[in-house]
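To start, the structure itself, in structure tokens.
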Amino acid sequence: MADTCGQVLLGSGLTVLSHPLMYIKVLVQVGHEPLPPSIGRNLFGRQVYQLPGLFAYAKHIIKIDGKAGLFNGLAPRLCAGTIGTLVHSRVLQRCQDAGKYEVSGTSQKAEEGSLQHVVNETTKEMIARSCATIVTHPFHVITLRCMVQFIGRETKYSGVFDSIVTVYKNEGVLGFFVGLIPRLLGDVLSLWICNMLAHLVNTYAIDDSVSQMDLEIFGTSLKVQLCSHTPLFWCQTSWLSTTAVWLAASLPMLQYIQPGWTAGGT
């Protein structure tokens, strides 16, 4: 229990610190470009037009909404992080316990570091992450809608409880799960690809002289690279979560939505 509380506190702190970055990322994902491109230089020294960077975008938000504007949508995101951590911890513990019971009834146990062991552990982690994602997705939807209101200056989603009532009144229960499928696919694919690649590298490309710290650094960098190369799923989640509510941010995107995409996020 103490470990879970520590994870919740640490996760909440990191969420607060990283929220402005996510806020800007979401606005970029939905296509909001309020500032004109500027002339800069690429890696080869050639002059090119460049879109504004993180700090320019942040200054633009502060100019309109003040410093507090960088934290729009923070409350539902904190709720999602806290509930997600609790659900993930509980489900993962249940999976670990179930695995122990199964092993006690068999004569063989997957050797640690083997492919079967990696598959078993990844499956448990996938189940725990998927449960946490499903439970917290309503808060994720509210977070995205609170953020994209900045584009049209709406105030339709002003708080956690008011937003819950608004979503349920306008879209019903399914409105809380718009964009869930691409989000689940992104989480599951990145988890399996990362763990399988890490296993292959640890087994066939790294000898025993490499320290455990180096392996952890390699695993972290691999996860970052995978997250940066699977943006399609996160973009689809952002698009689908904000296109069914007729906010100003969603109007340019409605022409690209194919029939059936907004029906439960599939």
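Summarising the label geometry, the points placed 7 Å from Cα in the beta-carbon direction at Leu189 and Val135 lie 2.7 nm from one another. The candidates Phe71, Phe177, arranged from most to least accessible area with a 1.4 Å probe in the full protein assembly, appear as Phe71, Phe177.
Overall, segment 11-70 carries a charge dipole of about 180 debye about its Cα centre when +1 sits on the Cβ of Lys and Arg and -1 on the Cβ of Asp and Glu, all other atoms neutral.
Accessible surface area normalised per residue over segment 1-65 is 71 Å², counting heavy atoms of protein chains with a 1.4 Å rolling probe.
Give me a comma-separated list of calculated 3J(HN,Hα) values for segment 69-85, in order, Karplus coefficients 6.51, -1.76, 1.60 applied at θ = phi - 60°, integers in Hz, x for any Gly or Pro. Computed from phi, the couplings for segment 69-85 are x, 5, 10, 4, x, 5, 4, x, 5, 5, 4, 5, x, 5, 5, x, 5 Hz. Checking the table Lys67/Lys156; Lys25/Lys156; Lys25/Lys169; Lys63/Lys169; Lys59/Lys156 against a 31 Å threshold on Cα-Cα, which pairs fail? Cα-Cα > 31 Å for Lys63/Lys169; rest within.
Each peptide among 72-82, 141-151 gets the average number of other Cβ atoms lying within 10 Å of its residues, and from highest to lowest they stand as 141-151, 72-82.
The string of couplings for segment 164-173 from the Karplus curve (6.51, -1.76, 1.60, θ = phi - 60°) is 4, 5, 5, 5, 5, 5, 8, 10, x, 5 Hz, one whole number per residue in order, with x for Gly and Pro. Highest mean packing comes first when the peptides 30-36, 45-51 are listed by Cβ atoms within 10 Å, giving 30-36, 45-51.
The values are calculated or read from the model by the stated rules, or taken from the named source; none is laboratory data. Just so it is clear, the structure is predicted and the values come from calculations on it, not from any experiment. Every residue, glycine among them, receives a Cβ derived from its backbone with ideal geometry; neighbour counts consider all protein chains shown. We work out accessible area using only protein heavy atoms, side chains counted, and drop any ligands, DNA or RNA first. Shrake-Rupley method; radii C 1.70, N 1.55, O 1.52, S 1.80 Å.
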